[in-house]
1. Can you put Trp55, Trp172 in order of accessible area, largest first, using a 1.4 Å probe?
2. On a C-alpha basis, how far is the centre of segment 243-309 from the centre of segment 317-356 in Å? Whole number, if you could?
3. Solvent-accessible area per residue for segment 2-181 at a 1.4 Å probe radius, Å²?
4. Pulled fully out, how much extra length does the chain show between Ala154 and Asp439, if you take 0.36 nm times their separation in residues and subtract their Cα-Cα distance?
5. So what's the angle, to the nearest 10 degrees on a 0 to 90 scale, between helix 250-264 and the longest Cα principal axis of the chain?
6. Show that you can apply the helix-only estimate: for the chain, add -39,500 (n - 2.57) for every DSSP H stretch of four or more residues, divide by all residues, and state [θ] at 222 nm to the nearest 500.
7. By the gyration tensor of its Cα atoms, with a ≥ b ≥ c the square roots of the eigenvalues, what is the shape of segment 78-191: rounded for a/c under 1.5, prolate for a/b over b/c, or oblate?
8. Averaged per residue, what accessible area in Å² does segment 212-496 show with a 1.4 Å probe, protein chains only?
Amino acid sequence: MKIIISYPPLNKEKGTPLLSQNRQFQYFKDPTYIYPVVPAQAASLLKREGFDVLWNDCIAMDWEYQQFIDFIKNEKPDLIAMETKTPVVKEHWKIINDIKRLSTIDYRPLTVLFGDHVTAMPEESMINSQVDFIITGGDYDFLLLNLCNAVREAQDSGEHYTLGAHLEPGIWYRKDEKIKNTGKFELKHNLNTLPFIDRVLTKWQLYAYKNGNYRKTPGTYIMSGRDCWWGKCTFCSWPQLYPEFRSRNPENVLDEIEMLVDKFQVKEIMDDSGTFPVGKWLKEFCLGMIKRGLNKKVTLDCNMRFGALSFEEYKLMQKAGFRFLLFGIESGNQTTLDRIKKNLRLETIIPSCQDARSAGLYPHITIMFGYPWESYEDAQNTLKLGKFLLKKDYAYTMQSTVVVPYPGTPLFEECKHKDLLYSTNWEDYDMKSPLMKTDFSKEKLLQLVQSLYSVSYSPEFVARKILSIRDIDDLKYFGRAFLKVAGHIFDFSKKKT
Ligand code: SF4
């Protein structure tokens with residue numbers, strides 16, 4: 001049975017869509033390619049179980065739409081699975097219908113959608129497109145295997161096979177022209193049983209260079225856990241929709257890192273778990289990196305929370321090879337942090353950032369604007385905090401965006417309930433322009449988003465960055481970062497409102 005895991009070409013007018021494992025969706029002018037870890041895990045698992053699997057990321061390969069359609073016509077896969085997200089779900093419905101039109105008397109391609117949007121609203125895609133299956137929940141690698149096994153058995157057994165009876169909870173399907181499902185998904189699969197991602201099958205080099213997070217290339221992605229051990233922030237789609245945190249064993253992660261270094265000479269690895277595991281797990285992992293000498297061979301990056309680690313723990317991480325730690329500040333107002341359930345005290349941010357920096361780490365901060373309850377002055381507090389951290393060099397790099405309430409999150413429900421949404425057209429949910437009503441204009445809000453990027457051009461900031469250049473990798477990194485900042489400023493420029 002032939003399966004294609006695909007990211008079909010999408011409308012390029014808005015830029016390059018950042019689709020995979022981005023908890024918040026964005027189009028980038030200057031493309032960044034994030035390794036789609038869970039779909040890559042699915043491809044590797046299917047291959048291990050004897051399926052003929054093809055990896056087809058048309059976005060990273062910059063394919064045209066006709067090229068994709070010709071590819072499907074030539075390969076004639078039995079099943080095509082694709083990840084979708086809110087701003088592009090309508091495009092995916094059209095693509096699915098185009099694929100279904102390729103059906104003939106003896107060729108009937110099956111289509112599958114998975115991802116956060118269809119987890120929140122599975123029925124919508126079943127109604128609005130001819131998609132055959134929807135996988136809900138975050139374990140779509142395990143569930144896709146279950147589905148493919150059931151389809152293969154059904155193909156072998158003929159009419160008497162009851163597909164629904166062989167599917168795990170969380171799968172939507174059609175039977176006798178009716179929409180059915182197998183109930184609520186369960187996040188109980190053991191992540192240690194997964195094979196390491198087959199990097200050759202999933203074309204790892206497509207994602208090894210064009211990524212603003214990497215200082216050294218080639219780089220790659222792994223995930224030590226799914227998805228965030230805190231998991232309560234009301235805007236954050238993955239942990240809200242996939243609320244069970246599980247991690248792999250430290251030894252299992254270390255084995256994968258060792259394989260990536262030895263076999264592919266990878267220089268930098270981003271762990272994209274929502275928040276990297278802490279406590280005993282982190283200590284064991286760091287000591288393992290040092291003991292195996294991996295800290296001398298590869299640089300590590302991860303997502304972290306302020307206030308989760310002591311100075312000693314930051315120091316240990318630095319010794320273990322960590323460099324870039326991504327922290328979500330989200331807002332410079334305590335009321336907002338409380339309302340979005342960030343579980344973060346404002347007064348923790350500066351010392352925690354300072355600790356990470358003095359331990360030799362490079363904190364990257366992300367902040368957001370556009371909370372409906374924040375006044376312009378509140379939003380300026382956030383900007384002030386971001387600028388302060390950057391100017392003082394407590395934070396090394398930053399990202400500033402518009403907050404988007406994605407379906408399935410408590411923030412979306414709150415906004416819907418209180419009539420705070422400008423639009424429920426999913427195509428607008430791309431972080432480019434404000435979606436929640438605020439008591440100041442959209443233009444002012446976008447200026448705030450841009451203002452943080454303008455720090456990058458302040459003499460103090462530029463001088464500090466120049467002085468910190470130590471080698472050619474730093475120089476290349478700053479060159480790439482400069483282009484990214486220019487791209488972000490363009491992404492949020494006033495013209496685009
Ligand atoms: S800490 Fe980060 S990953 Fe975790 S729920 Fe909050 S925003 Fe999401």
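1. Trp172, Trp55
2. Their Cα centres are 20 Å away from one another.
3. 38
4. 96.9 nm
5. Helix 250-264 sits at roughly 90 degrees to that axis.
6. When only DSSP H runs of four or more count, the value is -12000 deg cm²/dmol.
7. Verdict is oblate for segment 78-191.
8. 40
The values are calculated or read from the model by the stated rules, or taken from the named source; none is laboratory data. Predicted, not measured: the structure shown is a model, and the values here were computed from it. In this analysis, Cβ positions are derived from the backbone assuming ideal geometry, glycine residues included, and neighbour counts consider all displayed protein chains. Side chains are part of the model used for accessible areas, which takes the heavy atoms of the whole protein and leaves out ligands, DNA and RNA. Shrake-Rupley method; radii C 1.70, N 1.55, O 1.52, S 1.80 Å.
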